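Taking it in order: structure first as structure tokens, then the write-up.
Any read-out appearing in this document is the output of simple, stated calculations on the displayed coordinates, not a laboratory observation. These numbers were taken from a predicted model, which means no experiment stands behind them. When we count neighbours, we look across all protein chains shown, and the Cβ atoms used for this are built from the backbone with ideal geometry, even at glycine.
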Amino acid sequence: MVIGKMDVGALRKALDRREISAVELTTYYLDRIAQLDPELNAFITVPRAEALRMAAAADRRIAAQEGVTALTGIPVAIKDNICTAGIRTTCGSRLLADFIPIYDATVVAKLKQAGAVLLGKTNLDEFAMGSATQYSFYGPTRNPWDRDRVAGGSSGGSAVAVAAGMAPLALGTDTGGSIRQPAAFCGVWGLKPTYGRVSRYGLVPYAPSFDQIGPLARNARDLFLLFRALAGHDPLDPTSLPAPAETGGDLSGSIRGLRVGLPREFFGAGLDAELKERVLTVAQVLAEAGCVLVELSLPSVAYALPAYYLLAYAEASSSMARYDGVRFGNRSGAEQGIVGMMTATRQGFGPEVKRRVLLGTYFLSADCYEEYYRPAQKVRAWLRQDFAAAYRRCDLLLTPTTAAPAFRFADEAGDERALALTEQCTVAANLTGDPALSFPCGRINHLPVGAQLIGPAGAEELLIRVAAVYAEKAPDDAMPEWTAPDVGEQIEV
Ligand code: GLN
């Protein structure tokens, strides 16, 4: 039995049959983190004693056969912008280096109720602002497939934790692509649920009209299982959707006759030629499985990226106002009077956050409202209409997740424009609020790449089901196996 190769279903069986205990399982992952993470830097905080305590409690639950769920005893890594009571939650920021929340985010409370084990808090760009997990005060996260390359971001720590077998499951957050893009770069599955489907209560906001929490996993079943544990109405989140009718929950059901849209704007200039081939192969496999391919156009998509950045920066500037040393944020310059103290405290933001606060404040100024903010809101409304029209012609959309595989730290990482291009395919679903899934569709050289399915509100199960059919027909592509070399050893190319 090789734990690292077992999916959550197999781990569940082993736990229920007492072939392994939750404490042993958790110890395995903690040891693997200790072995690999000094190089990969996927975790900011690993509360070992706390994790083992939760595992022991799960073992008691399993022994008593009381309240055992699919997740009882299963370790889950949590992105470090999601509040965990008693465990520090840094958001990748120096300002929150000592912040210990006094309450759990709803998703964390749900995982605890299910008996899952909180394994650790994963690395991210400061306040989730970034695409490469390079703007963390705690250092960059490295891509396990090639340590000179970025993991993607901002949920890079969560994607690497799952890809490198340091956790079977992880939570990420996605404001403009931060679950899907690192999932694609690392060869794992990542889902951004419909806006409002998963509670944001206890998620530290970046751009609250876009932010969504979602699961990362190594295959369709595990992903769906974690999604189901997270989803649901939450009275503590005013944007939470009413609970939908209960779904089947087993990913069965035919995909024959489903209309899969290929929007041409996602396949244009800037897309890596080999990556385009891979995604078209996915389309072919789905067609062979009985889906109908529909070519269509979504002209609003050309404006999605600037609209996204404008609105996200505007919201970010307001979200960051609370880090003033009075309400939140490590206080500096207390001797300098109130204004001096706030100024000194806010110097603790990293350069990327400062840049966004400045730009966002500018976009929100009275002079800019008509010129920038309102047009961006109009683009957002247009995207919603455009996508709604597309869903009359097809059931879901297939696109690449990114335009290319993971880049080297030395290349685009410092180039804002190139960075933004990595999310040209992902931001549209954040502007519309639609669910979107990234799943692996092969490798280019040694680097994994992902395909994306987008669907109308509430279509999560459908997206996963369709991708699962592809995964069944192309198992090696859809679950590229990263196996740990000894620490210090590079992956062979
Ligand atoms: N990279 C995008 C940004 O910087 C998206 C980040 C995210 O989804 N959290 O805004």
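Set the Förster distance to 30 Å, then compute FRET efficiency between A97 and T27 from the Cβ-Cβ distance, nearest 0.05.
Efficiency, rounded to the nearest 0.05: 0.60.
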Seminar exercise, completed: Scalar couplings 3J(HN,Hα) for segment 159-168 by Karplus 6.51 cos²θ - 1.76 cosθ + 1.60 (θ = phi - 60°), nearest whole Hz, x for Gly and Pro, are 5, 5, 4, 6, 4, 8, x, 8, 7, x
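Based on the alpha-carbon gyration tensor of segment 354-458 and its eigenvalue square roots a ≥ b ≥ c, which shape applies: rounded if a/c is under 1.5, prolate if not and a/b is larger than b/c, or oblate?
Because a/c hits 1.5 or more and a/b fails to exceed b/c, segment 354-458 counts as oblate.
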Seminar exercise, completed: FRET efficiency for N330 and L296 from the Cβ-Cβ distance with R0 = 45 Å, rounded to 0.05, comes out at 0.35
Seminar exercise, completed: With the charge dipole of the chain built from beta-carbon charges (+1 for Lys and Arg, -1 for Asp and Glu) about the Cα centre, the Cα from F409, G350, M54 projecting farthest to the positive end belongs to M54
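Give the order of V301, V2, V198, V285 when sorted by the count of other beta carbons within 10 angstrom, beginning with the fewest. Present the calculation step by step, with values, prior to reporting the outcome.
Details: V301 24, V2 7, V198 30, V285 19.
Going from least to most buried by this count: V2, V285, V301, V198.
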Exercise. Is the chain best put as rounded, prolate or oblate by its Cα gyration tensor, with a ≥ b ≥ c the root eigenvalues, rounded for a/c under 1.5, and otherwise prolate when a/b is larger than b/c, oblate when not?
Worked result: rounded
Seminar exercise, completed: For K276 and R264, extending 7 Å from Cα along the Cα-Cβ vector and measuring point to point gives, in nm, a value of 1.3 nm
For this session: List, in order, the whole-Hz ³J(HN,Hα) value for each residue of segment 278-287 obtained from phi through the Karplus relation with A = 6.51, B = -1.76, C = 1.60 and θ = phi - 60°; use x for Gly and Pro.
Result: 4, 5, 5, 5, 4, 4, 4, 4, 5, 4
For this session: Would you count, across the chain, every pair of lysines whose alpha carbons are under 21 angstrom apart, provided the pair is eight or more residues apart or spans two chains?
Result: 12
Exercise. What is the list of residues in segment 4-44 whose amide nitrogen lies under 14 Å from a point 7 angstrom out from the Cα of Q65, following Cα to Cβ?
Worked result: 16-18
Exercise. Taking amide H positions as placed 1.01 Å from N in the peptide plane, with prolines and chain starts having none, which residues 5 or more places from L293, or on another chain, fall under 5 Å of its amide H?
Worked result: V260
Problem set entry | Segment E352-D250, extension gain: residue separation times 0.36 nm, minus the distance between their alpha carbons | 32.5 nm
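Can you sort R356, R374 from fewest to most other Cβ atoms within 10 Å of each residue's own Cβ? Mind showing how you got there, number by number?
Working: R356 26, R374 11.
Fewest-to-most ranking of R356, R374: R374, R356.
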